[in-house]
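Take a look at the structure set out below.
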Amino acid sequence: MQLNSSIAAVVTGGASGLGAATARRLASHGVKVALFDLNAAQGEALAQEIGGVFCQVDVTSEEQVDAAFAKARAAIGQERILVNCAGTGNAVKTASRDKATGDIKHYPLANFDRIIQINLVGTFRCIAKSAAGMLTLAPLADGERGAIVNTASVAAQDGQIGQASYAASKAGIVGMTLPIARDLMGEGIRVNTILPGIFNTPLLQAAPDNVKAALAASVPFPKRLGAPDEYAHLAETMIVNGYFNGESVRLDGAIRMAPR
């Protein structure tokens with residue numbers, strides 16, 4: 001797929017971090033970009049910067065996702081590109097004992113479900129609705145109708161202590177990548193997933209310098225945090241390379257996460 005002003009894209013979680021970097025990179029090629037995010041202030045500012053459109057949306061809400069796609073398509077047309085970056089995480093042990101009191105507790109199941117609903121179900125919801133829209137498009141010269149890029153995490157393969165829900169949600173994204181690519185192969189829609197390692201996103205930028213230095217030192221090479229535009233570069237490659245399909249690719253400087 002060639003990136004130009006005839007192409008529209010939707011980037012979920014597009015107001016900051018990996019999503020914002022991807023939105024900027026796509027827009028630099030003339031692509032019309034719609035940003036899906038909860039943060040209206042950041043989303044509106046970035047949309048103005050890149051000449052796109054912002055849609056405030058919670059990906060766990062069917063109604064909000066439907067409304068966001070309707071708004072985006074009315075403004076920039078039916079998207080041929082979807083990049084899913086919306087997600088969240090937490091760290092809670094499956095079961096644990098309080099060292100001071102001896103009290104035993106387990107992971108609150110409502111919190112586990114919340115992570116699954118945002119990261120996994122929210123990603124699939126956007127894929128399904130975007131793919132249905134892509135099916136209305138005429139194929140391009142090579143028979144392609146669209147390209148979808150999802151965001152998992154290295155935690156999908158080496159989740160750390162307290163990451164049961166996060167790792168499960170990201171492993172689910174990896175697990176559904178090939179089946180969805182197969183579902184859509186007859187319609188000319190490709191599906192790939194990126195598994196980022198430790199990236200310098202807003203969440204990490206707030207960490208103390210010594211914490212960031214320790215994280216950077218744990219990366220085999222290069223010994224630094226990943227730059228969001230490096231994620232965006234791989235997303236672009238997955239979009240423009242027509243033979244890239246059904247793959248889940250780590251982008252992590254060769255790191256393998258320790259238990260903690």
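The values are calculated or read from the model by the stated rules, or taken from the named source; none is laboratory data. Being a predicted model, the structure only gives us computed values, none of them experimental. Cβ placement follows ideal geometry from the backbone for every residue including glycine, while neighbour counts extend to all protein chains displayed.
Here are the numbers for the structure shown:
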item: Helices (runs of 4 or more DSSP H) lying entirely in the range 177-260 (those with 3 or more residues that are within 30 Å of Gln78 (Cα to Cα) and touching a helix residue (DSSP H, G or I) at 6+ places or on another chain (Cβ under 6 Å)); result: 228-240
item: Test for Glu63: is it without any contact (Cβ under 8 Å) to a residue 24 or more places away in the chain and among the charged types (D, E, K, R); result: yes
item: Filter result (within 28 Å of Leu184 (Cβ to Cβ) and buried (at least 20 other Cβ atoms within 10 Å of the Cβ)) within the range 220-233; result: Pro228, Tyr231, Ala232
item: Residue check for Leu203: surrounded by fewer than 14 Cβ atoms within 10 Å (Cβ to Cβ) and within 19 Å of the chain's Cα centre (by Cα); result: yes
item: Top-ranked residue in the range 151-180 [being closer than 21 Å to Thr237 by Cα and in contact with a Phe, Trp or Tyr (Cβ under 9 Å, 6 or more places away or on another chain); ranked as modelled with the lowest pLDDT]; result: Ser153
item: Which numbered condition Met134 fails, given (1) surrounded by 14 or more Cβ atoms within 10 Å (Cβ to Cβ); (2) at positive phi; result: (2)
item: Residue satisfying all of: in the range 250-260; crowded, with 16+ Cβ neighbours inside 10 Å and of a type in the set (A, V, I, L, M, F, W, C); farthest from Arg190 (Cα to Cα) among these; result: Met257
item: Yes/no for Glu236 being touching a residue at least 24 places away in the same chain (Cβ under 8 Å), among the acidic types (Asp, Glu) and in contact with a strand residue (DSSP E or B) (Cβ under 8 Å, 6 or more places away or on another chain); result: no
item: Options Leu82, Leu120, Leu109; residue that is among the aliphatic types (A, V, I, L, M) and within 20 Å of Gln2 (Cα to Cα); result: Leu82
item: Residue that is over 19 Å from the mean Cα position of the chain (by Cα) and without any contact (Cβ under 8 Å) to a residue 40 or more places away in the chain, where the choices are Ala258, Ala254, Ala171; result: Ala254
item: Qualifying residue in the range 11-29 (condition: buried (at least 23 other Cβ atoms within 10 Å of the Cβ) and either at pLDDT below 95 or part of a strand (DSSP E or B) (or both)); result: yes
item: Odd one out for Met1 among (1) among the hydrophobic types (A, V, I, L, M, F, W, C); (2) assigned to a helix (DSSP H, G or I); (3) more than 27 Å from Ala155 (Cβ to Cβ); result: (2)
item: Residue check, Ala128 assigned to a helix (DSSP H, G or I) and surrounded by fewer than 16 Cβ atoms within 10 Å (Cβ to Cβ); result: yes
item: The lone exception for Asp58 - which of (1) part of a helix (DSSP H, G or I); (2) within 21 Å of Gly133 (Cα to Cα) it fails; result: (1)
item: Residue count for the range 137-157, restricted to those that are surrounded by fewer than 16 Cβ atoms within 10 Å (Cβ to Cβ) and in a helix (DSSP H, G or I); result: 0
item: Identity of the residue in the range 33-52, touching a helix residue (DSSP H, G or I) at 6+ places or on another chain (Cβ under 7 Å) and surrounded by fewer than 23 Cβ atoms within 10 Å (Cβ to Cβ), that ends up farthest from Asp229 (Cα to Cα); result: Gly51
item: Ala91 being out of contact with any Gly (no Cβ under 6 Å at 6 or more places or on another chain) and modelled with pLDDT under 95; result: no
item: Test: residue in the range 62-84 that is over 30 Å from Gly133 (Cβ atoms) and basic (Lys, Arg); result: no
